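Participant: What follows is a single structure, and I will ask about it in a moment.
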Amino acid sequence: MTGIRGRPNLLGAAAGWLWLALIILPIYYIVLTSLKAQSEFFTSNPLLPPSSPTLDNYALVLRSGFTRYFVNSVVVTLGSVLPAVLVSFMAAYAIARGRGWFLALSNRIFLLGLAIPLHATIIPIYWMITRAHLYDTLLALILPSIAFSIPISVLILANFLRDVPGELFESMRLDGCSDWGMLWRLALPLTRPAVVTAAVYNALNVWNGFLFPLILTQSPEVRVLPLSLWTFQGEFQVNIPALLASVVLASLPLLVIYVVARRQLVSGMTAGFTR
């Protein structure tokens, strides 16, 4: 790292390496511990590699219903993110390109949704889910997740759409293209980084969500990955290596998504808010 005058920025470099160490150390500990036997975990140095690495913890996780919990999480995540991003994209297009008091009011309502904390709504959500006879179903997790994903998605997409030159829309309109055609043929390809950003951000929140599954589900058949960690907690002890092995397996899909969509994600996080 170099400063403004070309001199090495030693302080910035040291801070960068310190921040990297703070991030890498927990990941190193989790992966290392997941490869240890439970007996070795209590007797060895927690930061030293295992003397006899084993995959028994991963086998135990897979035998403990991990596949079912994984499928439930995938269903809830896709069922929440896809409708939320679709509705948010159409709403953001109308807000960014349209005029009138109704669209302005709609934009304020979406922004107001960002100010409402999730924990303050859990009681009315529980009441509505039970009245609709959806308690202990995957749909009970999907519907509230969609509602909480829309405000932030509209904010991201609307800011990105405002940066698209209006001349492009006008030229397509002169060619006889309708608003619906411009939405899918022009706005969607140009805002793909923002769409990916909104989808990944919401997928992370839904995938790691704990409060809704804890309150709105009960049976093991609809249990998702965050709640599956209870499987390795006994009455008097916790199987830490198996617990961390399940954390590693649950994190792999998110890592794959980030590797595949990292360029679109970074572009969407920066370009949509630059003027």
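Participant: Consider PHE210 against the criteria (1) touching a helix residue (DSSP H, G or I) at 6+ places or on another chain (Cβ under 7 Å); (2) in contact (Cβ under 8 Å) with a residue 40 or more places away in the chain: it satisfies all of them except one. Which criterion is unmet?
Facilitator: Every condition holds for PHE210 apart from (2).
Participant: Among the residues of the stretch 169-207, write down those that are surrounded by 14 or more Cβ atoms within 10 Å (Cβ to Cβ) and not in a helix (DSSP H, G or I).
Facilitator: Of everything in the stretch 169-207, those that are surrounded by 14 or more Cβ atoms within 10 Å (Cβ to Cβ) and not in a helix (DSSP H, G or I) turn out to be CYS177, THR191.
Participant: Turning to a different aspect of this structure: Go through the stretch 108-131 residue by residue and tally those that are open to solvent by less than 100 Å² (accessible area, probe 1.4 Å), closer than 24 Å to ASN159 by Cα and not aliphatic (A, V, I, L, M).
Facilitator: Here the count works out to 3.
Participant: Something else: Any residue at all in the stretch 93-106 that's part of a helix (DSSP H, G or I), within 30 Å of ILE215 (Cβ to Cβ) and modelled with pLDDT of 85 or more? Can you show your working first?
Facilitator: Filtering the stretch 93-106 down to residues part of a helix (DSSP H, G or I) leaves 93-97, 101-106.
With the extra rule that they be within 30 Å of ILE215 (Cβ to Cβ), the set shrinks to 106.
Now restrict to residues that are modelled with pLDDT of 85 or more: none.
Looking through the stretch 93-106, none of the residues is part of a helix (DSSP H, G or I), within 30 Å of ILE215 (Cβ to Cβ) and modelled with pLDDT of 85 or more.
Participant: From the residues in the stretch 137-161 that are under 14 Å from the mean Cα position of the chain (by Cα) and among the polar types (S, T, N, Q), which one is nearest to ASN208 (Cα to Cα)?
Facilitator: SER145
Participant: Please list, ordered by first then second residue, the pairs with beta carbon atoms under 6 Å, 6 or more apart or interchain, first in the stretch 160-179 and in contact (Cβ under 8 Å) with a residue 60 or more places away in the chain and aromatic (Phe, Trp, Tyr), second open to solvent by less than 70 Å² (accessible area, probe 1.4 Å) and in a helix (DSSP H, G or I).
Facilitator: Close Cβ pairs satisfying both conditions: PHE160/ALA194; PHE169/MET182.
Participant: Return the pair list, or none, for Cβ contacts closer than 8 Å from residues in the stretch 55-75 that are over 25 Å from ASN205 (Cα atoms) to residues that are assigned to a helix (DSSP H, G or I) and among the small types (Gly, Ala, Ser), at least 6 apart or on different chains.
Facilitator: The qualifying pairs are ASN57/SER34; ASN57/ALA242; ASN57/ALA245; LEU60/ALA242; LEU60/ALA245.
Participant: Could you say whether any residue in the stretch 209-217 is open to solvent by less than 20 Å² (accessible area, probe 1.4 Å), in a helix (DSSP H, G or I) and under 24 Å from VAL260 (Cα atoms)?
Facilitator: Within the stretch 209-217 (the criterion being open to solvent by less than 20 Å² (accessible area, probe 1.4 Å), in a helix (DSSP H, G or I) and under 24 Å from VAL260 (Cα atoms)), the answer is no, since none of the residues qualifies.
Participant: Among the candidates SER51, SER39, single out the residue that is open to solvent by 30 Å² or more (accessible area, probe 1.4 Å), among the small types (Gly, Ala, Ser), in a loop (DSSP other than H, G, I, E, B) and more than 28 Å from PRO151 (Cα to Cα).
Facilitator: Working: SER39 fails: in a loop (DSSP other than H, G, I, E, B).
Of the residues listed, the single one that is open to solvent by 30 Å² or more (accessible area, probe 1.4 Å), among the small types (Gly, Ala, Ser), in a loop (DSSP other than H, G, I, E, B) and more than 28 Å from PRO151 (Cα to Cα) is SER51.
Participant: Just checking, which of SER44, SER34 is touching a residue at least 60 places away in the same chain (Cβ under 8 Å) and not aliphatic (A, V, I, L, M)? Break it down into steps so the answer makes sense when it comes.
Facilitator: Numbers: SER44 fails: touching a residue at least 60 places away in the same chain (Cβ under 8 Å).
On inspection, the qualifying residue turns out to be SER34.
Participant: Could you check how many residues of the stretch 93-107 are surrounded by 12 or more Cβ atoms within 10 Å (Cβ to Cβ) and of a type in the set (Phe, Trp, Tyr)?
Facilitator: Counting residues in the stretch 93-107 that are surrounded by 12 or more Cβ atoms within 10 Å (Cβ to Cβ) and of a type in the set (Phe, Trp, Tyr) gives 1.
Participant: Of the residues that make up the stretch 118-139, is at least one aromatic (Phe, Trp, Tyr), part of a helix (DSSP H, G or I) and touching a residue at least 40 places away in the same chain (Cβ under 8 Å)? Break it down into steps so the answer makes sense when it comes.
Facilitator: Narrowing the stretch 118-139 to residues aromatic (Phe, Trp, Tyr): 126-127, 135.
Of the ones still in play, those that are also part of a helix (DSSP H, G or I) are 126-127.
If we keep only those that are touching a residue at least 40 places away in the same chain (Cβ under 8 Å) as well, we get 126.
Yes, the stretch 118-139 contains a residue that is aromatic (Phe, Trp, Tyr), part of a helix (DSSP H, G or I) and touching a residue at least 40 places away in the same chain (Cβ under 8 Å).
Participant: Also, I was wondering about something else. Check whether at least one residue in the stretch 164-184 is under 22 Å from SER219 (Cα atoms) and in contact with a helix residue (DSSP H, G or I) (Cβ under 6 Å, 6 or more places away or on another chain), and report yes or no. Quick ask: steps written out before the conclusion?
Facilitator: Applying the first criterion (under 22 Å from SER219 (Cα atoms)) to the stretch 164-184 yields none.
No, the conditions are met nowhere in the stretch 164-184.
The values are calculated or read from the model by the stated rules, or taken from the named source; none is laboratory data. Everything quoted here is computed from the prediction, not taken from an experiment. A quick note on method: Cβ atoms are made from the backbone with ideal geometry, for glycine too, and the neighbour counts reach across all protein chains shown. Side chains included, ligands, DNA and RNA excluded: accessible areas come from the protein's heavy atoms. Shrake-Rupley method; radii C 1.70, N 1.55, O 1.52, S 1.80 Å.
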